[in-house]
1. With an 8 Å cut-off on Cα pairs and a minimum separation of 6 or more residues, tell me the relative contact order of the chain in percent.
2. Starting from the Cα of Leu42, step 7 Å along the direction of its Cβ; do the same at Thr191; then give the gap between the two resulting points in nm.
3. What whole number of Å gives the distance from the Cα centroid of the range 406-477 to the Cα centroid of the range 38-113?
4. Mind putting a number on the dipole of the chain about its Cα centre? Charges go on the C-beta only, +1 for Lys and Arg and -1 for Asp and Glu, and I need it in Debye to the nearest 20.
5. What shape does the range 264-306 have by the C-alpha gyration tensor, where a ≥ b ≥ c are the square roots of the eigenvalues, rounded means a/c under 1.5, and otherwise prolate means a/b greater than b/c and oblate the rest?
6. List the extent of the Cα atoms of the chain along each of their three principal axes, largest first, rounded to whole Å.
7. Checking understanding here: applying a Kyte-Doolittle mean of at least 0.0 and a length along the axis of at least 24 Å (C-alpha), which whole DSSP H helices in the chain pass?
8. Counting only other residues whose beta carbon sits under 10 Å from that of Arg298, what net charge do I get with K and R as +1, D and E as -1?
Amino acid sequence: MREMFKSDPERFGKFSLKLDDLALDYSKNLIDESAFNALIDLAKAVNVEARRDAMWAGEHINSTEDRAVMHMALRYQGDQPVMVDGKDVMPDVREVLANMRTFASAVRSGDIKGATGQKITDVVNIGIGGSDLGPAMVCNALRPYIDAGITPHFVSNVDGADIADTLAQLQPENTLVLVASKTFTTDETMTNANTARKWLVDALGDDAVKDHFAALSTNLDACADFGIAQDRIFGFWDWVGGRYSVWSAIGLPVMLAIGPDQFDEFLAGAYEMDQHFLSAPLAENMPVIMAVLGVWYRNVWGHATHAVLPYDQRMNRFAAYLQQQDMESNGKSVQLNGEKVTRKTGPIVWGEPGTNGQHAFYQLIHQGTDIIPVDFLVAAQAHDNLPEHHQKLVANCFAQSEALMLGKSADQVMAELKEQGLSTAEIEALTPHKVFEGNRPSNTLIYTKLTPKMLGKLIALYEHKVFVQGAIWNINSFDQWGVELGKQLAKAILPKVKDANASSRHDGSTEGLLAQFHEWQG
Ligand code: F6P
């Protein structure tokens, strides 16, 4: 890369792309024009465009579940019908959004109160996976927009510590509980929902459930059976995958926190990215570019992981969110026709905000034996009026990608050590430890400010990137059978956790762990 930058002063211009207030610098990648063109040709050869168009046309591209994949409809701002299975889905999408708006506005203004007449000040979202990670990440990222005295809380883990610690800070009188579950059957969520219900009923009686609970789900009957009032059930549809559902009723905690107008902005940002994805030529298409670079590193260079490092503390759940989006989507080893894949698929996605990561795991990114392609994300403008902090944050972000790319040669190290007055023997001993090979790849996404609109754009960007990679690998990015086996086995083991004498038999290790558990549980 050093050589390529030296020999081509136009490199940044060639390998960067600006979409209004969002820019991608992908010049610090191990590509020249011919590699880049070959990658774009690959996307063309596997018909990424046709597959993208099939998704937007409502075809059942989620073949193993026989479903359309239409999360783009949830943020569609145009006036054309959007057809799924012969029906325009937009009237239903808009109706749910309007109901969410009415409800959220009334809760925010205090027109809708708790059973004892108190204003709702805390919202507890109970959900897991896509019914948790999206809204939790977004509420965190958009904290500067939380403006109506409503604090969102998120409970996901079946570990009682999660709900116990959350409810311990709250009063039932001013708490609204959202039960968020596409299926309304997920064990963790239903267990937590029942615990929250008991907490509320113990304090305020059965009658208060209708005033303090709402549900976000596709399973409307199960919501009603739980005792949730009809006008507090916000539905969505089977063509919305869990990890793509933050734009649907699952976004209600976000709307309650930042308000319906800002939520609209969030949707509008995603819509802008959708329009770009649907219309830009592949070589100028941001999600496509990020996708093919990922495929390049995964399949040609053999790199197993991909780090996402936002220089934004409020994005501290972004990598966790992307882990589900990417790894649940592309963690597959059979092709669409059921045959084994012949090459590697989705990478391990991980990350933490900078600058914290710099003082933890960046050592390995700079000098470890594995190469880790990185995405850096950074805003030009901060929300907080602390310019010195933001300048340092930005300098650190840019310095990291520069360091990864340039590295530091033995000659440079030796010259530095000489200047510091070290002896020849000392210089010889230290030099290998202080050399950075460099030539390590990264993308940098820079944007004006982390507004709701920008966050919508960024999430949609990664959604489409994952889609394109799935298309290239010829896998179904929209099912998740891999999470089923553990769920089934947990059900089978539970009786023996409850009762050591239960009749089920397990493998030797599991039996050993069960015996130890019973000995120690007291
Ligand atoms: O177990 C995986 C999964 O099915 C995810 O795909 C989903 O987001 C999560 O569980 C939660 O499911 P639900 O919204 O139906 O409770």
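The values are calculated or read from the model by the stated rules, or taken from the named source; none is laboratory data. These numbers were taken from a predicted model, which means no experiment stands behind them. Cβ coordinates were reconstructed from backbone atoms using ideal geometry, including for glycine residues, and neighbour counts include every protein chain displayed. Surface accessibility is based on the protein's heavy atoms, side chains included, excluding ligands, DNA and RNA. Shrake-Rupley method; radii C 1.70, N 1.55, O 1.52, S 1.80 Å.
1. On the way: 860 pairs, mean separation 98.3, N = 522.
Relative contact order, the chain: 19 percent.
2. Spacing of the two 7 Å Cα→Cβ label points: 4.2 nm.
3. 35
4. 380
5. Verdict is oblate for the range 264-306.
6. 80, 64, 55
7. Working: long enough: 90-109 (28 Å, 0.03); 187-204 (25 Å, -0.54); 260-279 (28 Å, -0.52); 387-406 (28 Å, -0.10); 452-473 (32 Å, 0.48).
Span-like helices in the chain: 90-109, 452-473.
8. Its environment carries a net charge of +2.
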